[in-house]
Amino acid sequence: MTDSAIPPHDGDLGGRWETLVTVALLGTDRRDPPAGTTVIDELVDDTQRARPAARLLAQAAAVTAARRAGARPGAPGAPFVPPPPDHRPACPSAATDRWRHVVAVWPVLEDEWLAAVIAGGWRIDPVLVPALLLRHQRDMARLALVDVAAGPLARWLVDVDDELGDALGARLERITPGSTPLALPSLPIPDALERWREHELATVTGNLLAGLRSGQLAASHRTVLVNLVARLTPDVDGLRHLVDALSRLDPLDPAVSLATALADLAATRASMLDELGPTTAVTPAR
Amino acid sequence: MGRSDDSPGRPGDDPLPWSEEQVESLAPSASMMSAARQLATPTRWRSTGADERGVWGTVQGSGREPYETVVDHIDVVTRCTCPSRRLPCKHALALLLLFARGQIATGAPSRRTRTWLDRRQADAQPSVDDAPTGDQGSGEGSDDATGDPNDASPPDLPPRDEWDRARNERVESMSGALIELDRWLEDRLRTGLADPSLADYATWDQLAARLVDGRAGSLANRVRRLAGRVGIDADWQPQMLEELGVLHLLAQAGQRLRELPGPLADAVATTIGWQVRTADVLAGVPETDHWFVAGRSDAREDRLEVRRYWLYGTESQRWALILSFAAYQQSLEHTFEVGDTVHVDLHRYPGGALRALVGRRHDGADDLPGAGNEEAPGPRPVFGSVADAVAGVGALLASQPWLDRVPMLLRATVAQDRTRRMLTDSDGSVALNVPPTAGRGVGPWTSLIAVSGGAPVDIAAEWTPEGVIPLAVHLAHRSHDLGRRADASFVV
């Protein structure tokens, strides 16, 4: 702000400052500080300041204080032309916070989060759009999902913000509008577990608990069990029932740690689906 | 500094109490009196007693050792081991209030107190006819370190006893350090900012160490931060000259504390590094308001993370700053959520400082983080134009030119030209200090563009000498905290 300051009452304050900087660079052993009859000179006029360096310091202090306190706004800038409007509601802040949890703890749910945003008629909260663009800048399939879920804001941001533009280049331009598949990518799940997905969630819950209690399912199966829970029927109530059941496992059971992790995954997924359910007043994006 | 002739308690009499009004007339300020009233509870005091000349007692402050307070209630001179520079201090006033209420029994003082009171009596005797009468004891003369009205030039007088000696030594130590600071500043400008010695950290570190020794710790931190700016960019030398000028201003003001008006002296003293105990701040008069949590920022300063919450009083329209500090693996304050409005008491540091401490909360659990951010935002301030915001910053800087961060609220749009990123409206702009992130995540500039979508938005920002830093965007139903966050590997 100092650079754009137009000091009050002393039109030459900027010029005085430049002179002070020059003297300070050279040192008062080589050049004396300026003298004159300006307000600043009167302010620091003090016979006790015999040493040139002391006089320079006093002037620097006075001019700095005056320039900072007397700063005025710079010339108006030309604002960016806003992006085309997107009439979809921004997803709730709880969903935004959920995305952060998903990315940090359960990235297996990330595709479903994006798909749920789109299917629910939401748009990504603008504050998340840069992070999502950067996160998926090298993954064209996911970048396409972000492009749809963020709406016109995504391409506008890449256009006006140098940093995003440098990172993404022309990648967004290579995405064909309307070509984005909403089907979730498949995850590696053994056939024996894959068959569970044909059943209702209550049955899956029973099978899972029985397997954990018997020791047939253990920590070594964690990855495939995570994949299973991430791809179970997207039924919020059923997932919450699964959370309850897993949470009731005997604390002394060797599988309790795995059960707790799966319960957190199921709870995260249930909340995510709940938060991103269909909007009540969805207007298609332009 | 004596009492009116019609007051009770002349030498030889029983120690008759004063009136509360007489005590109040001694108080340097209403806030001091308010603080004293809170301390004027018999249960907070130990070893109290009074005789025909003095009243004394000890009270536990925030330090390990209790403060020892004595008041010569005839000549109304006070002694207290507390660090307050304002005399009478709140402990002396509180003791006098207890005395006035008859809540201090007659007793015999300790030998040290007796010695001091006897010396007081001996000192007062020759000039008793000249002693001012009435309420003059509460005037400017009470600001000196010894509290004696005849001590027109306190630094020239030797300390009267060990209590004063500690305080005077501290003042002298600070003054000595400030004189050395000024000499050092002169040396830098004598040899010039192009002198290679500026790039040597030892040049700065020795000065910082001297300032720490001289109890000017805040200035030492400032000097260390300045050392880190040498050569940091093409424009470092003008910025260095500005900061050297501000240091000179503080060094000069710090050597003239007794000549400055009380609040200004307090502000200068605390800026230099005069320590104020938390309990003393909390004993001050609170500012009760619905405080809008406008913004937050974390900054690494030396080996600490410093968190700043900027609060704006929706009724008082005054700013306050809540600071918290965390060393490695410690946690920072999480009390506030940006965008909330909290109904609390804030207690400011001396001198009308921006910095304050949180006191009593008036709406209980509703103030917990996250409460009401979307559901019940509470009162919000008016976000003015760029010109209004710049004028507000200027007003604060005019009163305290050494401030290096000043908050601002404005309604503006983001804009950019070839050289500047800025916030603008139709009448003016302010340049932003938002350096590129160089590929390290999403910076505040990008977030600001995304959240605003190119439209005017309500913004909380922080003026710094290097430019304005955006801290938060406040939309109608949601606030976005854009301030820098402490490194998660450093704090917990």
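All of the numbers you see were taken from the coordinates with simple rules; none came from a lab. From a predicted model like this one, the values you see are computed outputs, not experimental measurements. A quick note on method: Cβ atoms are made from the backbone with ideal geometry, for glycine too, and the neighbour counts reach across all protein chains shown.
Listing for the model above:
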read-out	value
Projected-area mean, region B:386-492, by convex hull of Cα positions, square nanometres	8.4 nm²
Calculated FRET value between A:Leu43 and B:Arg229, using beta carbons and R₀ = 30 Å, to 0.05	0.70
Computed label-point distance, nm, for sites B:Glu21 and A:Ala210 using a 7 Å Cα→Cβ extension	9.1 nm
Cut-off 17 Å, label 7 Å out along Cα→Cβ of A:Arg100, residues of region B:315-344 by amide N	B:332-340
Residue order, fewest to most surrounding Cβ atoms within 10 angstrom, among B:Val492, A:Val243	B:Val492, A:Val243
Inter-probe distance in nm under a simple model that places probes 7 Å from Cα toward Cβ, at A:Ala170 and A:Thr279	3.2 nm
Expected-Rg normalisation [2.2 N^0.38 Å, Cα atoms] applied to the protein assembly as shown	1.19
Neighbour-count ranking [beta-carbon atoms within 10 angstrom, fewest first] of B:Phe325, A:Phe80, B:Phe292	B:Phe325, A:Phe80, B:Phe292
Rg/Rh ratio calculated on Cα atoms of chain A (Kirkwood radius)	1.30
Length-normalised contact order for chain A - Cα pairs under 8 Å, 6+ apart - percent	20 percent
Length gained when the stretch B:Ala395-B:Val285 is fully extended (0.36 nm per residue, less Cα-Cα span)	37.2 nm
Contour minus Cα-Cα distance for B:Asp213 and B:Ser489 (0.36 nm per residue)	96.2 nm
Environment charge at A:Leu182 (Cβ cut-off 11 Å; Lys +1, Arg +1, Asp -1, Glu -1)	-2
Inter-part distance where region B:291-318 and region A:163-208 are each reduced to a Cα centre, Å	42 Å
Degrees, to the nearest 10: A:110-119 long Cα axis against longest axis of chain A	90 degrees
Gain upon complete extension [B:Arg112, B:Asp427; 0.36 nm per residue less C-alpha separation]	106.6 nm
Footprinting exposure proxy for A:Thr22, B:Thr314 (fewest neighbouring C-beta atoms within 10 Å first)	A:Thr22, B:Thr314
Overall Cα dimensions of region A:147-284, principal axis frame, Å, largest first	57, 35, 27
Approximate shape of region A:73-220 as ellipsoid semi-axes (Cα gyration tensor, √5λ), whole Å, largest first	39, 16, 15
Per-residue mean of C-beta atoms belonging to partner chains within 10 Å, peptide A:183-191	0
Separation of alpha-carbon centers, region A:116-142 and region B:245-273, rounded to whole Å	53 Å
Cα→Cβ-extended label distance, 7 Å offset, between B:Gln275 and B:Arg418, nm	5.5 nm
Residues of region B:421-439 with amide N under 16 Å of a point placed 7 Å along Cα→Cβ from A:Asp162	B:421-423, B:431-439
Theoretical ellipticity at 222 nm over the protein assembly as shown - DSSP helices of four or more residues, -39500 (n - 2.57) apiece, nearest 500	-12500 deg cm²/dmol
